[in-house]
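Taking it in order: structure first as structure tokens, then the write-up.
The values are calculated or read from the model by the stated rules, or taken from the named source; none is laboratory data. Remember, it's a predicted structure, so these values are computed and weren't measured experimentally. Cβ: placed from backbone, ideal geometry, glycine included. Neighbour counts: every protein chain shown.
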Amino acid sequence: MLIKQFQQPKPYSGTSSWNWKDYREYFERLAAVNGWATATQKVEQLALALEGPATEVLRDIDTSQPQAYNIIWEVLARRFGSLDGAREATRRFDSRRQEDSETIPDFEQALRTLHREAWPTATPEQRDAALKRRFEDGLLSTEMVQFLRLHARDLDFQATVIKARQFADATGQSKPKKKVNFIDNRPRSPAQPESEPLLQGFRDMMAKALQPLQWALRSQDKGSAPPSTAPTPPQSRPAMP
């Protein structure tokens with residue numbers, strides 16, 4: 001007898017990379033796989049998946065009412081969604097570029113999601129042209145962009161993505177880049193501060209400048225004049241007759 005293992009939903013906090021619409025689509029697919037058919041089951045699992053700021057929406061909702069599941073999503077949309085979702089999605093789509101650690105398939109899916117939010121009623125021709133343009137303009141590799149403009153000029157968006165993946169596999173760009181930090185463990189000798197020679201020269205100069213003052217102070221204490229640093233010239237004697 002096989003026992004079906006339920007998949008636990010990924011958490012949603014409202015501050016993560018999850019867009020609330022994307023998370024709802026993900027949760028609905030997971031509910032279908034796990035067999036959560038009733039609204040009560042969905043409310044229970046969704047309430048367990050919320051964490052951090054997202055759990056605050058449950059405080060003012062009676063989870064036992066029949067419409068609780070839809071009400072939770074409405075509150076999440078007001079709390080974490082944009083007031084003008086289409087305009088915000090349009091801005092994000094027009095400025096979207098491939099990230100350093102983002103693969104070609106991930107970049108493709110991100111563009112599709114943003115375009116669907118920005119232009120939900122676009123025709124297939126409009127959607128394909130916009131996706132192809134943004135995809136080519138947003139790629140990190142300039143060599144890949146030049147390759148696509150030469151070999152994928154007349155292809156649609158899906159075929160252009162396939163060409164890009166083939167180019168990435170051939171040039172070793174299909175794997176996401178990993179950041180490597182090099183640590184220098186070699187022993188280092190203590191270095192002399194750069195200001196030390198200047199300070200020593202200043203000390204020597206001040207010591208020479210204060211010598212006459214020190215001698216004057218000593219002469220006052222002893223009641224005699226300070227020693228002269230210049231030699232006394234010999235006195236001339238009168239000539240003998």
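Can you name the residue in the range 26-45 that is under 26 Å from ASP106 (Cα atoms) and in contact with a helix residue (DSSP H, G or I) (Cβ under 9 Å, 6 or more places away or on another chain) and, of all such residues, is surrounded by the fewest Cβ atoms within 10 Å (Cβ to Cβ)?
At the first step, the residues of the range 26-45 found to be under 26 Å from ASP106 (Cα atoms) are 26-34.
Within this subset, residues satisfying the condition of being in contact with a helix residue (DSSP H, G or I) (Cβ under 9 Å, 6 or more places away or on another chain) are 27-28, 30-31, 34.
Working: PHE27: 19, GLU28: 12, LEU30: 18, ALA31: 18, ASN34: 17.
For the range 26-45, the residue satisfying everything is GLU28.
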Scan (1) farther than 30 Å from ARG133 by Cα; (2) in contact with a Gly (Cβ under 9 Å, 6 or more places away or on another chain); (3) among the polar types (S, T, N, Q); (4) in contact (Cβ under 8 Å) with a residue 24 or more places away in the chain for the single condition GLN7 breaks and write down its number.
(2)
Looking across the range 154-182 at residues that are among the polar types (S, T, N, Q) and part of a helix (DSSP H, G or I), the single one that is modelled with the lowest pLDDT is THR171
Single residue of ASP106, ASP128 found to be at pLDDT 95 or above, of a type in the set (Asp, Glu), out of contact with any strand residue (DSSP E or B) (no Cβ under 9 Å at 6 or more places or on another chain) and closer than 30 Å to ALA77 by Cβ
ASP128
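Just to be sure, is GLN109 closer than 30 Å to ASP169 by Cβ, assigned by TED's automatic domain parsing to the domain that holds LEU140 and surrounded by 18 or more Cβ atoms within 10 Å (Cβ to Cβ)?
Considered against the rule, which asks whether it is closer than 30 Å to ASP169 by Cβ, assigned by TED's automatic domain parsing to the domain that holds LEU140 and surrounded by 18 or more Cβ atoms within 10 Å (Cβ to Cβ), GLN109 comes out as no.
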Conditions: (1) in contact with a Ser or Thr (Cβ under 6 Å, 6 or more places away or on another chain); (2) surrounded by 17 or more Cβ atoms within 10 Å (Cβ to Cβ). PHE93 meets all but one. Number of the miss?
(1)
In the range 6-30, residue farthest from ALA77 (Cα to Cα) [restricted to those that are assigned to a helix (DSSP H, G or I) and charged (D, E, K, R)]:
ARG29
If I ask for residues that are surrounded by fewer than 18 Cβ atoms within 10 Å (Cβ to Cβ) and under 28 Å from HIS115 (Cα atoms), which ones from the range 50-60 would you list?
PRO53
